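The structure under discussion appears below in the form of structure tokens.
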Amino acid sequence: LSVGLKGYEAEATAEAKALVRLMQIGGPYQYSQPGLKASLAKTFWIVNFLTRMALSKLPVLGGKLLHPPIFQLIQRGNTLSYRQILALAHQTTATIWAIILSVTAIVLRLTGLLPLPF
């Protein structure tokens, strides 16, 4: 019984930590907050949300490397754990950054601002 309880405690603690993090990044501006900084942050969060939603619908990468926003993943029901949803959110973030860096490098190379290393 002691071993089972320790295992449950570890599982439940990991899920609770993932849930807290998901709420911090998944819907931090669901309530109005005063000030210019909060207003700008909310605007950037909305752009991020809409970008993730649009990218997740791409035929090639959508659902594989680019996943829907956290809110939509949670709404799917109990098919994914909170830890799995958080991992998908992190994977999507990494993929978006890789795309941004790749496009930037291509543009810089095409404009001649990034010379070849040889």
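The values are calculated or read from the model by the stated rules, or taken from the named source; none is laboratory data. Please read these numbers as outputs of a predicted model, since none were measured by experiment. Methodologically, a virtual Cβ is constructed for each residue, glycine included, from the backbone with ideal geometry; neighbour enumeration extends over all protein chains shown. Just so you know, the surface numbers come from the protein's heavy atoms only, side chains and all, with ligands and any DNA or RNA stripped out. Shrake-Rupley method; radii C 1.70, N 1.55, O 1.52, S 1.80 Å.
Pairs are defined by a Cβ separation below 7 Å, a sequence spacing of at least 6 or placement on different chains, a first member in the range 37-48 that is of a type in the set (A, V, I, L, M, F, W, C), and a second member that is not in a helix (DSSP H, G or I); the pairs so defined are ALA41/TYR29; TRP45/PRO28; TRP45/TYR29.
Evaluating ARG109 against the criteria (1) under 19 Å from GLY27 (Cα atoms); (2) surrounded by 11 or more Cβ atoms within 10 Å (Cβ to Cβ) leaves one unmet condition, (1). Only residues that are without any contact (Cβ under 8 Å) to a residue 40 or more places away in the chain and either in contact with a strand residue (DSSP E or B) (Cβ under 9 Å, 6 or more places away or on another chain) or farther than 12 Å from ILE96 by Cα (or both) were counted in the range 55-75, giving 11. If I filter the range 26-45 down to residues being open to solvent by 70 Å² or more (accessible area, probe 1.4 Å) and among the aliphatic types (A, V, I, L, M), which single residue comes out as farthest from ILE99 (Cα to Cα)? Only one residue tops the list, namely LEU36. Got at least one residue in the range 48-58 being open to solvent by 50 Å² or more (accessible area, probe 1.4 Å) and part of a loop (DSSP other than H, G, I, E, B)? Checked against the condition, which is being open to solvent by 50 Å² or more (accessible area, probe 1.4 Å) and part of a loop (DSSP other than H, G, I, E, B), the range 48-58 yields at least one hit. Every residue in the range 1-32 that is in a loop (DSSP other than H, G, I, E, B) and either of a type in the set (Asp, Glu) or farther than 27 Å from LEU88 by Cβ (or both), please. Passing the criteria: LEU1, SER32. Within the range 76-97, residues that are of a type in the set (Gly, Ala, Ser) reach partners that are open to solvent by less than 60 Å² (accessible area, probe 1.4 Å) with beta carbons closer than 6 Å, at six or more positions or on different chains, in the pairs ALA89/ILE70.
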